[in-house]
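**Q** So that we are looking at the same thing, I have put the structure below in structure tokens.
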Amino acid sequence: MRVAADSPAAPLVVIRLLALLPPQWPCSTQVSADRITLRVGADPDAARAAVAGALRDRALRGWSLPDAGFVF
């Protein structure tokens, strides 16, 4: 979820995010201006940890993982 107005645009963020996830994971996305819905074919805990780690990338600043209690 986009939490800062000056954050990179969602279409760019989703490309970077997918590039940072394990390549063998099947993924599908739905992108809107302030939210990216990502469905990952992996263990939910592993997927959440991988996405949280990817969101620490400076290129993804201002985006957060909902319900996780943190913003990157």
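The values are calculated or read from the model by the stated rules, or taken from the named source; none is laboratory data. Quick caveat: nothing in here was measured; it's all calculated off a predicted structure. Every residue, glycine as well, gets a Cβ built from its backbone with ideal geometry; the counts of neighbours run over all protein chains shown.
**Q** Tell me whether segment 9-26 contains one or more residues that are at pLDDT below 90 and among the aromatic types (Phe, Trp, Tyr).
**A** Scanning segment 9-26, I find no residue that is at pLDDT below 90 and among the aromatic types (Phe, Trp, Tyr), so the answer is no.
**Q** Also: Within segment 16-52, work out how many residues are small (Gly, Ala, Ser), under 23 Å from residue 6 (Cβ atoms) and more than 9 Å from the chain's Cα centre (by Cα).
**A** The number of residues fulfilling the criteria is 3.
**Q** Kindly check whether there is at least one residue in segment 19-40 that is assigned to a helix (DSSP H, G or I) and out of contact with any strand residue (DSSP E or B) (no Cβ under 7 Å at 6 or more places or on another chain).
**A** Checking segment 19-40: at least one residue is assigned to a helix (DSSP H, G or I) and out of contact with any strand residue (DSSP E or B) (no Cβ under 7 Å at 6 or more places or on another chain).
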